[in-house]
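Here, each number is a calculation from the coordinates, and none is a lab measurement. In this text, all values refer to a predicted model and were calculated from it rather than measured experimentally. When we count neighbours, we look across all protein chains shown, and the Cβ atoms used for this are built from the backbone with ideal geometry, even at glycine.
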Amino acid sequence: ITSYDVQYRINGGPWIMWQSGIASTTANFTAPNQASYEFQARAHDNQGQVGPWSLSRTMVVDTTAPFITPKVYMPFIIGSPSD
């Protein structure tokens, strides 16, 4: 795996590309407002193949005190997209 694409959507709306072709496996996402956010990811390999989108992961952002720092961990993608 050489890079990833990550999308998100707010309250079940349309998917929005957040990270495209990134090599990093971590990133900070700043939620623009209080809502339910879903994330999905897919991998690219060194042969130019692109895997399918992962199952989405949902998190709810609550902007009322007390504040917490939520984290979402995407599933590991093992093998090449053609497996």
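Points 7 angstrom from Cα along the Cβ direction at Asn46 and Ala23: gap in nanometres?
Each label point is offset 7 Å from its Cα along the Cβ direction, giving 1.2 nm.
Output ³J(HN,Hα) for segment 26-39: one whole-Hz value per residue in order, computed from phi by the Karplus curve 6.51 cos²θ - 1.76 cosθ + 1.60 with θ = phi - 60°, and x for Gly and Pro.
Values per residue, Gly and Pro as x: 9, 6, 9, 10, 9, 6, x, 6, 5, 5, 9, 10, 10, 10 Hz.
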